[in-house]
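A short worksheet on the structure shown next.
The values are calculated or read from the model by the stated rules, or taken from the named source; none is laboratory data. None of these values were measured; they are calculated from a predicted model. Virtual Cβ from ideal backbone geometry, glycine too; neighbours counted across all protein chains shown.
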Amino acid sequence: MASERDVSLDAMRGIAALAVFGWHAMLAFYPLSSGYLGATPIEASARSQFWFVAVHGAGAVAFFFVLSGFVLTRLALTTGRTDTLVRGLIKRWPRLAGPVLLAVLGSWLLFALGGYFYAAAAELSGSSWFARFGGALTDGAPFQPSFLGALLQGAVLTFVRGDSTYDSSLWTMAYEFYGSVMVYALAFLLATRPALRTRIVVILGAAVACGAANPALIPFVAGFALAAFLPQRGFRVPTPLGAIATTLALLGCGYTQGALGFYAPLTAIWPAWLPIPYLYAAAAALLIATAEGWTGLRRLLSRPWGRICGELSFPFYLVHVPILCSAGAYAYLATRSAPAAIAATLVLALAVAWALALFSRWWLARLNAAVGAVTASLQRGRLGRTGPIASPP
């Protein structure tokens, strides 16, 4: 899999994006069931149900981060090629910024055209999350959209400061950007394949530093560690072990602190003082490792639907909240039906995501060509300075 995309991992990324959508739909239309909004006790909410992992946004976002740490560094760590790290590092910001900027400008246009209906829909559903534009706005000063502000936010500020007033899902972009830079730097250190002790010290040092600075970055370190230590060949997971590992991983990804019911065993054993991102990181890493080694799961996820899921995952993640707050809210007001509003949002979000995926494909091709030209030019300049290397006698 060194030079080709891993369709099974792409498929899981798409499934995780759908889980985030499900979580936001619950917050918008079923706020009491979420166990986060209102006064619903945890044990009476969806947080204690076995299926909660399918709509648990926090676990899904942690999976995104672990997957990024894994796929961005896996090739360099298994081949020792640092040129892939250089190209990846150069294009990381523009790669993310292209589709993000389009999504933010699309949200600005909806504001300008009066296309958002979340405030009225929130009065009907009773969701404070919906009333604050998916949690993007505070209860203080009113938000004043501007084209320049949207342009600056989509191109720069969402990555350097985490600004997300035009699309609440974009709070993850700063973590994605800084986490990516971090794992690229770590991969440069370990691409030469130093001694096992050195690799362990580097990874543990990164984990301790992230734990002290911001535990939300821990999943990137987990993905990087997985890329560094997961065997490249001859790694097979028997079906019974794969089924058990997948179940445990999903249990971890679906857990929230204090949950009862199906997740009660984790509440009993998980220390309350230990940040929950550690659990999500371990669970996501276990899920990725299982998908890499369990042939049955890889085959299931590597079908054509998995490729489509993967290609739409990032665009769908970017556009689903604005569409939920516009078309979804409008459908809810028109039908008074949450299922109808969710269905309308899903269909339209997939359609818009498909269009954004076409742009992303075009953008990535141009970006790859530009970065390739830059790195080739740098390499020619370096050879020109050093001159040809004489053959040994």
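Scan segment 143-181 for residues that are without any contact (Cβ under 8 Å) to a residue 40 or more places away in the chain, in a loop (DSSP other than H, G, I, E, B) and under 13 Å from Leu101 (Cβ atoms) and jot them down.
Asp163
Every residue in segment 241-256 that is surrounded by fewer than 17 Cβ atoms within 10 Å (Cβ to Cβ) and among the small types (Gly, Ala, Ser), please.
Ala243
Name the residue, out of Ala349, Ala353, that is touching a Pro at 6+ places or on another chain (Cβ under 6 Å) and at pLDDT 95 or above. Write out each step before concluding.
Details: Ala349 fails: touching a Pro at 6+ places or on another chain (Cβ under 6 Å).
Only one candidate passes the filter, namely Ala353.
Residues Ala212, Ala259, Ala206, Ala227: which one is of a type in the set (A, V, I, L, M), surrounded by 20 or more Cβ atoms within 10 Å (Cβ to Cβ) and over 26 Å from Asp6 (Cβ atoms)? First the steps, then the outcome.
Values: Ala212 fails: surrounded by 20 or more Cβ atoms within 10 Å (Cβ to Cβ); Ala206 fails: over 26 Å from Asp6 (Cβ atoms); Ala227 fails: over 26 Å from Asp6 (Cβ atoms).
Checking each option against the conditions leaves just Ala259.
Across segment 43-74, which residue is surrounded by the most Cβ atoms within 10 Å (Cβ to Cβ) among those that are touching a residue at least 60 places away in the same chain (Cβ under 8 Å) and part of a loop (DSSP other than H, G, I, E, B)?
Thr73
Looking only at segment 268-281, which residues are part of a helix (DSSP H, G or I) and touching a residue at least 12 places away in the same chain (Cβ under 8 Å)?
Answer for segment 268-281, where residues must be part of a helix (DSSP H, G or I) and touching a residue at least 12 places away in the same chain (Cβ under 8 Å): Ile276, Pro277, Tyr278, Leu279, Tyr280, Ala281.
In the list Leu77, Leu157, which residue meets the criterion of being of a type in the set (A, V, I, L, M) and at pLDDT 95 or above?
Selected residue: Leu157, the only one of Leu77, Leu157 that is of a type in the set (A, V, I, L, M) and at pLDDT 95 or above.
Is one or more of the residues making up segment 93-113 within 23 Å of Ser337 (Cβ to Cβ) and not in a loop (DSSP other than H, G, I, E, B)?
The answer is yes; a qualifying residue exists.
Residues are listed down the side, and each one gets a yes or a no for (1) among the aromatic types (Phe, Trp, Tyr); (2) in contact (Cβ under 8 Å) with a residue 40 or more places away in the chain; (3) crowded, with 24+ Cβ neighbours inside 10 Å; (4) over 24 Å from Phe130 (Cβ atoms):
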residue: Gly293; (1), (2), (3), (4): no, yes, no, yes
residue: Arg299; (1), (2), (3), (4): no, no, no, yes
residue: Ser302; (1), (2), (3), (4): no, yes, no, yes
residue: Leu318; (1), (2), (3), (4): no, yes, yes, no
residue: Ser326; (1), (2), (3), (4): no, yes, no, no
residue: Tyr332; (1), (2), (3), (4): yes, yes, yes, no
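From the list Gly135, Gly114, which one is surrounded by fewer than 22 Cβ atoms within 10 Å (Cβ to Cβ), out of contact with any helix residue (DSSP H, G or I) (no Cβ under 8 Å at 6 or more places or on another chain) and under 28 Å from Leu37 (Cβ atoms)? Give the steps one after another, and end with the answer.
On the way: Gly135 fails: out of contact with any helix residue (DSSP H, G or I) (no Cβ under 8 Å at 6 or more places or on another chain).
One residue alone meets the criteria, Gly114.
Any idea which of Thr247, Thr290, Thr256 is under 21 Å from Ala54 (Cβ atoms) and out of contact with any helix residue (DSSP H, G or I) (no Cβ under 9 Å at 6 or more places or on another chain)?
Thr247
Which pairs turn up if I take residues in segment 202-231 that are farther than 15 Å from Leu72 by Cβ and look for partners that are surrounded by fewer than 17 Cβ atoms within 10 Å (Cβ to Cβ) with beta carbon separation below 8 Å, at least 6 apart in sequence or on another chain?
Once the first residue is farther than 15 Å from Leu72 by Cβ and sits in segment 202-231, its partners that are surrounded by fewer than 17 Cβ atoms within 10 Å (Cβ to Cβ) give Val202/Leu189; Gly211/Pro275; Pro215/Pro275; Ile218/Gly211; Ile218/Pro275.
Report, by residue number, each residue of segment 182-208 that is of a type in the set (Lys, Arg) and part of a helix (DSSP H, G or I).
Result: Arg197, Arg199.
Filter segment 123-132 down to the residues that are outside any loop (DSSP other than H, G, I, E, B), surrounded by fewer than 17 Cβ atoms within 10 Å (Cβ to Cβ) and in contact (Cβ under 8 Å) with a residue 40 or more places away in the chain, then identify the one that is farthest from the chain's Cα centre (by Cα).
In this case the residue turns out to be Leu124.
Given the conditions (1) surrounded by fewer than 22 Cβ atoms within 10 Å (Cβ to Cβ); (2) over 15 Å from Leu109 (Cα atoms); (3) among the hydroxyl-bearing types (Ser, Thr, Tyr), which single one is not true for Ser146?
It is condition (2) that Ser146 fails.
Examine segment 330-342 for a residue that is among the aromatic types (Phe, Trp, Tyr), more than 30 Å from Gly126 (Cβ to Cβ) and either in contact with a His (Cβ under 9 Å, 6 or more places away or on another chain) or part of a helix (DSSP H, G or I) (or both), and state whether such a residue exists.
no
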